[in-house]
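A.B. asks: Sharing a structure below in structure tokens format, with a few things to ask.
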Amino acid sequence: MTTDPFAGLRVAITGGTSGLGLAFVRELSRRGARVAFIARTRERVEQVMREHPGVHGIAGDVSDKNDIYPMAIQITGELGGLDVLINNASDLGPTPLRMLSDTECEDLEHVFATNVFGPFRLTKALMGALAASAREGRGAVVLNIFSDAGLNAYPRWGAYGSSKAALHHMSRIWNEEHAAEGVRFLSLDPGDMDTPMYHAAIPDADPSTLKRPEQSAHELLETIAEVLPQMVQI
């Protein structure tokens, strides 16, 4: 009998109460992972915890540097370490989307605080736990959620797209720097999904043309699983 590669795995997810993040929480919980998730709204965090007994929720904002270390301490304290970090939380910027030259500096700063500096700070704070997991032979993977807007110059997606481009390249550098330690970094695009964030960006989008978050979450976890068997013995 083959053991699910996520059974017993310690996984942390940002933006875990909506869209793709919630889909990750649901599938990982179902597959026997030990899950901690982060989201800004305490009420939604508590609701998701009630719906998924055994999952640990943390109310916090990845864009706020003062929240990072308390969140990291809670993650490792509740899970007893960390094997997989999924940096999923994202900020589009003001909607309706606007041209980059019409974007306020403060709005651009907040998009980067959520999409770049948040993942940077949280990953940095958890790097010791991830490296320890790799040394123990459990494996260590960081998945940063990417977007094709980080590759293609879509008009009015400038704040979001430029932040995702920065996150993608940062992921590639991290992967090179930590490969010898056994910590792997993935930067993957889940595709256009039927999520509140996508509909905020494109209000008239036809849901029937979009992927379900559950499908994207499953596909991305399968990609992580391709890496994990080389390192994890559960």
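The values are calculated or read from the model by the stated rules, or taken from the named source; none is laboratory data. The shown structure was predicted, so the numbers you read here are calculated from the model rather than taken from an experiment. Neighbour counts run over all protein chains shown; Cβ positions are idealised from the backbone, glycine included.
A.B. asks: Give just the number: which of (1) buried (at least 17 other Cβ atoms within 10 Å of the Cβ); (2) over 16 Å from the mean Cα position of the chain (by Cα); (3) among the basic types (Lys, Arg) does residue 212 not satisfy?
C.D. replies: Failed condition: (1).
A.B. asks: Condition test on residue 154, is it of a type in the set (Ser, Thr, Tyr) and crowded, with 16+ Cβ neighbours inside 10 Å?
C.D. replies: Numbers: of a type in the set (Ser, Thr, Tyr): yes; crowded, with 16+ Cβ neighbours inside 10 Å: no.
Spelling it out, it is not the case that residue 154 is of a type in the set (Ser, Thr, Tyr) and crowded, with 16+ Cβ neighbours inside 10 Å.
A.B. asks: Yes or no: residue 205 closer than 30 Å to residue 137 by Cα, surrounded by fewer than 19 Cβ atoms within 10 Å (Cβ to Cβ) and not acidic (Asp, Glu)?
C.D. replies: no
A.B. asks: Filtering the range 135-145 down to residues that are crowded, with 20+ Cβ neighbours inside 10 Å and of a type outside the set (S, T, N, Q), which residue is modelled with the lowest pLDDT?
C.D. replies: Only one residue fits best here, namely 139.
A.B. asks: State yes or no: is residue 203 modelled with pLDDT under 95 and assigned to a helix (DSSP H, G or I)?
C.D. replies: Taking the combined requirement at face value, the residue does not satisfy it.
A.B. asks: Run residue 130 past the list (1) surrounded by 20 or more Cβ atoms within 10 Å (Cβ to Cβ); (2) free of Cβ contacts under 8 Å to residues at least 24 places away in the same chain and report the number of the one that doesn't hold.
C.D. replies: (2)
A.B. asks: Looking at (1) outside any helix (DSSP H, G or I); (2) under 14 Å from the mean Cα position of the chain (by Cα); (3) more than 26 Å from residue 166 (Cβ to Cβ), find the lone condition where residue 28 falls short.
C.D. replies: Condition not satisfied by residue 28: (1).
Residues are listed down the side, and each one gets a yes or a no for (1) of a type in the set (Ser, Thr, Tyr); (2) touching a helix residue (DSSP H, G or I) at 6+ places or on another chain (Cβ under 6 Å); (3) free of Cβ contacts under 8 Å to residues at least 40 places away in the same chain:
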site: 5; (1), (2), (3): no, yes, no
site: 14; (1), (2), (3): yes, no, no
site: 42; (1), (2), (3): no, no, yes
site: 55; (1), (2), (3): no, yes, yes
site: 67; (1), (2), (3): no, no, yes
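A.B. asks: Can you name every residue in the range 37-61 that is under 26 Å from residue 138 (Cα atoms) and touching a Ser or Thr at 6+ places or on another chain (Cβ under 6 Å)?
C.D. replies: Matches in the range 37-61: 38, 52, 55.
A.B. asks: Another question, then. Given the criterion modelled with pLDDT under 95 and in a helix (DSSP H, G or I), identify the matching residue among 125, 149, 129.
C.D. replies: Testing whether each residue is modelled with pLDDT under 95 and in a helix (DSSP H, G or I) leaves just 149.
A.B. asks: Tell me whether the range 172-186 contains one or more residues that are in contact (Cβ under 8 Å) with a residue 60 or more places away in the chain and either in a helix (DSSP H, G or I) or among the small types (Gly, Ala, Ser) (or both).
C.D. replies: No, there is no match, as no residue in the range 172-186 is in contact (Cβ under 8 Å) with a residue 60 or more places away in the chain and either in a helix (DSSP H, G or I) or among the small types (Gly, Ala, Ser) (or both).
A.B. asks: Just name the residue that is surrounded by the fewest Cβ atoms within 10 Å (Cβ to Cβ) out of those in the range 54-109 that are part of a loop (DSSP other than H, G, I, E, B), over 19 Å from the mean Cα position of the chain (by Cα) and of a type in the set (A, V, I, L, M).
C.D. replies: Restricting to residues being part of a loop (DSSP other than H, G, I, E, B), over 19 Å from the mean Cα position of the chain (by Cα) and of a type in the set (A, V, I, L, M), the top hit is 99.
A.B. asks: Now for a different question. So which of 34, 10 is of a type in the set (Lys, Arg) and within 16 Å of residue 143 (Cα to Cα)?
C.D. replies: 10
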